[in-house]
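Below: one structure, written as structure tokens.
The values are calculated or read from the model by the stated rules, or taken from the named source; none is laboratory data. All figures in this text were calculated on a predicted structure; none of them were measured in a lab. Here the Cβ positions follow ideal geometry from the backbone for every residue, glycine too, while neighbour counts run over all protein chains shown.
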Amino acid sequence: MKKRTTVSASISILLAGTLLLSACSDNSGNGNSAANSGGATGSTNTAVNAGADNAGGASTDGAAGAIQAADLSKLPAAAKQRTDTIIVGLTDPSGAFTPYFQQSGYDGNVSSLLYTPLVLVNDKAEPIPGLAEKWEASEDGRTYTFHLRQGLKFSDGSPLTAEDVAFTWTILNDKSYDGDSQVNTLGIKGSDAYKEGKAASIEGIKIADPQTISVTLEKANAAALTTLGGDVLSKAYYGKDYKQGDTGYMKSLSTTPVGTGPYKLVKFTPGQEVRFAANENYYGDKPKTPNFIYKTSEGDTWQYLETGEVDYASFSATQENIDKLKSLGFVNIVPYTPSTYGYLQVNLEHEALKDKKVRQALTYGLDRQSIYVDAAQGAGSIANIPSSPISWAYTEEGINPYKYDLDKAKSLLDEAGWKEGAGGIREKDGKKLTIHYLGSKSKNTDIFIAVAKENYQALGVEFQPEIFADFNSLVSKVEGGDYDLVSFSTPMLTDPSDGLMQFVDGEVKGYSNPKFTELYKKGLETTDIEQRKAIYKEIYQLLNDELPVIFTSYKKSVYAYNARIENLAVSPFYGLAASLPQWSLKDVQ
Amino acid sequence: MSTYLIRRLSYMILILLAASFLIFSLYALTPGDFISGNIKLTPERKAELREIYGLSKPLMERYLTWMGNALHGDFGYSLAQQKPVLTIFNEYIWNSFLLAVVSTFLTWFIAVVIGVIAAYKQYSWFDTIVMLVIFGAMSIPSFFIGLFLIKIFAVDFHWLPPGGMTTTGSNATGWAYALEVIRHMTLPVAVMTLLGLGSLTRYFRSNMIDVLKQDYIRTARAKGLTERKVLFTHALRNALLPAITLVGFELPALFGGSLIIESIFNWPGIGQLYMKSFGLRDYPLLMGFTMFLAVLTVIGTLLSDILYRVADPRVKL
Amino acid sequence: MSLAKGELAGPGKAGAKAKAAAKSSLWSDSLRRLLKNKLAVFGFAVVVFMFAVCFLGPLFSPYADNKINMALMNKAPSAKHWLGNDALGRDVLTRVLQAGRISLTVGLASMVLSVLLGGLLGIIAGYYRGVADQIIMRVADLLLTIPSLPLLFIAGALLSEWKVPPDYRMYIVMIMLAIVGWPGLARMVRGQILSLREREFMQATTVLGLRSRRKLFNHLFPNLVPLLIVIATLNIGGAILSESVLSFFGLGVTPPTPTWGNMIDAANNMIDFEKRPWLWIPPGLSIFVTVVAINIFGDGLRDVLDPKKGR
């Protein structure tokens, strides 16, 4: 009836939100990660991100912990008949397939198959050759020189040279560039002049010969290697209509990409699928499986995996999910840990939270084990430093695990001058100790609030939770500064310095520690990995003690794939793209 | 009649103008904007991007810019998809329309049949069971019915596909394509119909009961007409007339998409696109779609009112 | 009698007196008839039972404090926990009852509000026509075009800004939804009035010189009651469900407070759906039973109050 269109329509709209957002967050186990709720993370500077379809980047813990399929005969007929195509689910590719000029992480997944970056990284985030076969950094760390492989071609057959690399770096510094590539934050010499239109090209980019190109930065930056070493756009194709100051025309090229990846785009049906075929102009080995399809699928992918419509899916590593996957019989199950960490942002501008003891007390007084591990049925672990456990810089030496200890928390608060007052709530100078917590609606937020309320009540802290309808509203409130604690998680981290960005770029207000700033700079000044490891260890020990944010958790996920696929591996930073050419289909009859 | 029409049309234009401003303001005032959701940006870059997109300009200026373009048929580019808004509509809206048109037809048809029979046999077993089933369908959350049907028909029995609009990787065209779509459409349409049946059936049943108590039915029976003639020629027509006015309201619903159904079944429709765009605060898309629905709504109410007159000539407009 | 009871009253003062006498016996007569309708009585009893159990039940439960107990996470029904435990080890039975308090209150309140608002405006528009009609209908049109989603988000942000305690927010938002949702109801009521007012019995009241208020209350309104009851009873299910939607958007209760809607929502995934029916069946069944009972009762009431019933 008419109510259908008004009240009921709004009800259905809202009800749908329920399904959508909760399903999204269930699949990845952490609804706070921006990679999932809302869907827009933007592409990273290394041209790919959000590896496996729902979570943010993935790492195989080698074959350790992998569970092989028990009974391949259970393979659904739909999958058996597909002998030359692999199908993987992807939440929502929208059709903006040009790297650097896309807004959604899912579009990034698509372009990761269509393009190859200059510099790839291995599972530990160490740089390895991509389109560039070798590179050097100058003595002072400010100039990088890349040497391209011989005979590189784009998917349309045209040759790839240093001109194209120069074009890519240049257009990313254009004043109208509206994407989120970090290339324009590196401070390439002459880029400011170019942005403002005072120069017609960027001074710091020099082409030595068609295979060699070098770029000079204003300041040394070890993380710049992978940022500069991203995807390359064809000058002939993407630069044809380029006039300085106007990149608007790029929009019209977004569904017809020309790239350098193992696959090329065959067809895009909006809302349904993206079809690929092997790229005969790929510089590496020809992909073993000629066809690949990304199938658009929201929320629960169980039904697709079970019926064989999809060959690969990733899930939160809860014991139940694993058991259910095992019972299917025809999937291999591989655990992985995404390259990200969760944390509680602390409002350091509020009096009470300025005191380190209070922050530590809040950490000791929070039962993170229950919230992030037990309630998640094992699909998580506790974080204590701003790094993902798969990074080469990760360490637990000298790190305080802040195990749940109510007494220690109480004594810390006593020391800090917060004594128990009326109604069991601590007071100091007449002010009550209240914590105003903000979360965005998700299952995990509900769990956090329920447990934290009890924990903090025992501690004598008044806990005032507030839930926001979606991530965007939450961020808007945080920008206004009216909060004490907020749950967030980082985007995908590649270089260890990525995990520290928020303390440096102005997002975390109120934390200024000269020792930290000094160490951070040092960490970027050298490219020697052993040296950097030591520096980062110091930084982690420092932050673990000071707690400018309260570290919370790491996610654990598994990906399950149809066992007829062999040689499957998933990179923490590129998802499927890096190893997809190796995937081959076993003959199963 | 023509003065009435002219008057209504001028009101319509005024309303649409007022609505456009109201709607634009609502979206603009919703907390968060397209930039704030992207956690990978530094605060300065966020400010830069807001400049580029014009999001830092005052509300009135943004509205007038949008309005100016819209009146020329230019609804802008989607911020998230980098494509023209109208192109995106075209890609998604017809999928939703397909589902809506088929399920609306089925809903009305079944509701009329069941409602009439139930009214005729009021208080019988048939009536009671029908009403219980109807209430059931109305009070169970739709995502449950959807999940349930998928589990049974797709996962357990493999009779129907678990979702999507076409089989992945298929190259079917013509009839084969149509058949594929029909197979994929079955479950979503079934759920939509089940959900919509409830209120409509009750409405028809209630109307029919009222009509059957009227004197002219008694007269018809007294005249010796067959029961079937009484039912269909006299009772049904009068019972259905008030419902004709509901048709006007179906207009926006046909194009509005159904978010829940589309999400559960992975149907590439405009409903779930709207929800996503809202989460992202993709203003051009949101404005374009909402204004489109607004126009349909206003036309729908006009249609309803005119149909009142057609249905019951005693009504003065 | 060929004329149904409410359709035309006797003329003049003598008629008024007779009518008054008829009226009191009309109500008690209706009550008697209602009581005879076993199904309706049953429906009413069920509703009363739901209310009683939800408001009083938790007082007897040892688990009313909703304490978290991870050791009992997701356990199936047992002797100590008749409906099992949820994802944080809390007793499901107690939570379902506590949830009922909110769901029932909210469902009923919002239904009453929208029916009152929509009904009133619809009657005014349909009966008085002219300027009032135009204004009300045009405003209704405008409201119909407004998308509710941004409205709700803005409401949420404002409520947060004004530091309204989270427990009250839901009620405010329900009021808002009723205010924005009246157009549909108003249109239906107006439509019904438009045809009713042209009927012979209404023309008769004009000829008889009855005042507008008499016409409205004593003649028009009773004929409207069946429609209103149908609307109201249909609305309740939607209202109860819409509360869950609001909770989902953070405009409802904050955890750990349960509502039927958010309990169902928490179990909305393949695994809970398949393996742990005790999580979603109790709240789902509660909504179902409540809605059905109310509708059955409403139907019985409608049959009794329908002036056209010749019986």
TODO: Can you work out which of the residues in the stretch B:1-56 that are within 21 Å of A:Lys195 (Cβ to Cβ) and not in a helix (DSSP H, G or I) is farthest from the other protein chains (Cβ to nearest Cβ)?
DONE: B:Ser56
Open item on the list: Any residue at all in the stretch B:299-309 that's more than 30 Å from B:Tyr120 (Cβ to Cβ), within 13 Å of the chain's Cα centre (by Cα) and at pLDDT 80 or above?
Closed with: yes
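Out of the stretch A:303-329, which residues are closer than 24 Å to A:Thr91 by Cβ, away from chain B (no Cβ under 14 Å) and not polar (S, T, N, Q)? First the steps, then the outcome.
At the first step, the residues of the stretch A:303-329 found to be closer than 24 Å to A:Thr91 by Cβ are A:303-318, A:320-322, A:324-325, A:328.
From the residues that got through so far, the ones that are away from chain B (no Cβ under 14 Å) too are A:314-318, A:320-322, A:325.
Of everything in the stretch A:303-329, those that are closer than 24 Å to A:Thr91 by Cβ, away from chain B (no Cβ under 14 Å) and not polar (S, T, N, Q) turn out to be A:Phe315, A:Ala317, A:Glu320, A:Ile322, A:Leu325.
Quick grid of which residues meet (1) touching a Lys or Arg at 6+ places or on another chain (Cβ under 9 Å); (2) within 14 Å of chain C (Cβ to nearest Cβ):
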residue: B:Met67; (1), (2): no, no
residue: B:Leu71; (1), (2): no, no
residue: B:Pro84; (1), (2): yes, no
residue: B:Ile114; (1), (2): yes, no
residue: B:Ile150; (1), (2): no, yes
residue: B:Val155; (1), (2): no, yes
residue: B:His158; (1), (2): no, no
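When you check B:Met185 against the structure, is it at pLDDT 80 or above, more than 22 Å from C:Asn268 (Cβ to Cβ) and in contact with a Pro (Cβ under 6 Å, 6 or more places away or on another chain), yes or no?
Details: at pLDDT 80 or above: yes; more than 22 Å from C:Asn268 (Cβ to Cβ): yes; in contact with a Pro (Cβ under 6 Å, 6 or more places away or on another chain): no.
The answer is no for B:Met185.
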TODO: State whether the residues of the stretch C:71-81 include one that is in contact (Cβ under 8 Å) with a residue 12 or more places away in the chain, part of a helix (DSSP H, G or I), surrounded by fewer than 18 Cβ atoms within 10 Å (Cβ to Cβ) and on the phi < 0 side of the Ramachandran plot.
DONE: yes
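Can you find, within the stretch B:87-101, the residue that is farthest from the other protein chains (Cβ to nearest Cβ) among those that are surrounded by fewer than 17 Cβ atoms within 10 Å (Cβ to Cβ) and not polar (S, T, N, Q)?
B:Val101
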Open item on the list: Regarding the stretch B:293-310, can at least one residue be identified that is of a type in the set (A, V, I, L, M, F, W, C) and more than 30 Å from B:Phe89 (Cβ to Cβ)?
Closed with: yes
TODO: Report yes if some residue within the stretch B:171-190 is surrounded by fewer than 17 Cβ atoms within 10 Å (Cβ to Cβ), more than 14 Å from chain A (Cβ to nearest Cβ), without any contact (Cβ under 8 Å) to a residue 60 or more places away in the chain and within 27 Å of C:Leu104 (Cα to Cα); otherwise report no.
DONE: no
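Being of a type in the set (D, E, K, R) and under 19 Å from C:Met70 (Cβ atoms) is the filter; apply it to the stretch C:83-122 and report the residue that is nearest to the chain's Cα centre (by Cα). Steps first, please.
First, the residues of the stretch C:83-122 that are of a type in the set (D, E, K, R): C:86, C:90-91, C:95, C:101.
Filter again for under 19 Å from C:Met70 (Cβ atoms), leaving C:86, C:90-91, C:95.
Numbers: C:Asp86: 29, C:Arg90: 30, C:Asp91: 29, C:Arg95: 23 Å.
Once the filter is applied, the top-ranked residue is C:Arg95.
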Open item on the list: Being farther than 16 Å from A:Glu525 by Cα, at pLDDT below 90 and among the basic types (Lys, Arg) is the filter here; which residues of the stretch A:190-233 pass it?
Closed with: A:Lys195, A:Lys198
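Tell me, which helices (runs of 4 or more DSSP H) wholly within the stretch A:157-251 include 1 or more residues that are buried (at least 20 other Cβ atoms within 10 Å of the Cβ) and among the aromatic types (Phe, Trp, Tyr)? Show your work before the answer.
Numbers: elements: A:162-171, A:191-195, A:224-228, A:235-238.
In the stretch A:157-251, the matching helices (runs of 4 or more DSSP H) lie at A:162-171, A:191-195, A:235-238.
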Task: Count of the stretch C:152-197 residues which are facing chain A (nearest Cβ under 9 Å) and aliphatic (A, V, I, L, M) - done: 7
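Please determine whether any residue of the stretch B:205-214 is within 14 Å of chain A (Cβ to nearest Cβ), assigned to a helix (DSSP H, G or I) and under 22 Å from the mean Cα position of the chain (by Cα). Even if it seems obvious, please write down each step before you answer.
We begin by selecting, within the stretch B:205-214, every residue within 14 Å of chain A (Cβ to nearest Cβ); these are B:205-207.
Cutting the leftovers down to assigned to a helix (DSSP H, G or I) gives us B:205-207.
Next, from what is left, pick out any that are under 22 Å from the mean Cα position of the chain (by Cα): none.
Taking every residue of the stretch B:205-214 in turn, none turns out to be within 14 Å of chain A (Cβ to nearest Cβ), assigned to a helix (DSSP H, G or I) and under 22 Å from the mean Cα position of the chain (by Cα).
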- [ ] Give the residues of the stretch A:513-539 that are under 14 Å from A:Met501 (Cα atoms) and among the β-branched types (Val, Ile, Thr), sorted by residue number.
- [x] A:Thr517, A:Ile539
Task: Index of the failed condition, B:Ser304 passing every other in (1) in contact with a Ser or Thr (Cβ under 6 Å, 6 or more places away or on another chain); (2) closer than 25 Å to A:Ser94 by Cα - done: (2)
TODO: Inspect the stretch B:154-162 for any residue being in a helix (DSSP H, G or I) and surrounded by fewer than 13 Cβ atoms within 10 Å (Cβ to Cβ) and give the result as yes or no.
DONE: yes
Open item on the list: Out of everything in the stretch A:360-405 that is within 14 Å of chain C (Cβ to nearest Cβ) and of a type in the set (Val, Ile, Thr), what residue ends up being surrounded by the most Cβ atoms within 10 Å (Cβ to Cβ)?
Closed with: A:Ile371
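Could you list, in sequence order, all residues of the stretch B:101-153 that are part of a loop (DSSP other than H, G, I, E, B) and closer than 22 Å to C:Ile294 by Cβ? Walk me through how you get there before you give the answer.
Looking only at the stretch B:101-153, we keep the residues that are part of a loop (DSSP other than H, G, I, E, B), and these are B:121-124, B:140-141.
Those that are part of a loop (DSSP other than H, G, I, E, B) and closer than 22 Å to C:Ile294 by Cβ: B:Gln122, B:Tyr123, B:Ile140, B:Pro141.
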Task: Residue list for the stretch C:148-188, filter: hydroxyl-bearing (Ser, Thr, Tyr) and in contact (Cβ under 8 Å) with a residue 24 or more places away in the chain - done: C:Ser148, C:Tyr171
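Select, from C:Ile172, C:Ile136, C:Ile123, the only residue that is in a helix (DSSP H, G or I), surrounded by fewer than 19 Cβ atoms within 10 Å (Cβ to Cβ) and either among the β-branched types (Val, Ile, Thr) or in contact with an Asp or Glu (Cβ under 9 Å, 6 or more places away or on another chain) (or both). Walk me through how you get there before you give the answer.
On the way: C:Ile136 fails: surrounded by fewer than 19 Cβ atoms within 10 Å (Cβ to Cβ); C:Ile123 fails: surrounded by fewer than 19 Cβ atoms within 10 Å (Cβ to Cβ).
After ruling out the rest, the residue left standing is C:Ile172.
Is it fair to say B:Pro252 is within 10 Å of chain A (Cβ to nearest Cβ) and outside any loop (DSSP other than H, G, I, E, B)?
For B:Pro252, the condition - within 10 Å of chain A (Cβ to nearest Cβ) and outside any loop (DSSP other than H, G, I, E, B) - is met.
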- [ ] Tally the residues that are at the interface with another protein chain (Cβ under 8 Å from one of its Cβ atoms) and touching a residue at least 60 places away in the same chain (Cβ under 8 Å), restricting the search to the stretch B:287-310.
- [x] 4
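Name the one entry in C:Pro62, C:Pro58 that is modelled with pLDDT of 75 or more and either part of a loop (DSSP other than H, G, I, E, B) or among the aromatic types (Phe, Trp, Tyr) (or both). Before the answer, list the steps.
Numbers: C:Pro58 fails: either part of a loop (DSSP other than H, G, I, E, B) or among the aromatic types (Phe, Trp, Tyr) (or both).
Just one listed residue meets the conditions, C:Pro62.
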TODO: Please state which one of B:Thr3, B:Thr104, B:Thr30 is without any contact (Cβ under 8 Å) to a residue 60 or more places away in the chain and among the polar types (S, T, N, Q).
DONE: B:Thr3
Task: Selection count, the stretch B:65-85, where residues are surrounded by 14 or more Cβ atoms within 10 Å (Cβ to Cβ) and assigned to a helix (DSSP H, G or I) - done: 4
- [ ] Go through (1) farther than 27 Å from B:Arg202 by Cβ; (2) within 14 Å of chain A (Cβ to nearest Cβ); (3) at pLDDT 75 or above and name the single condition C:Gln203 misses.
- [x] (2)
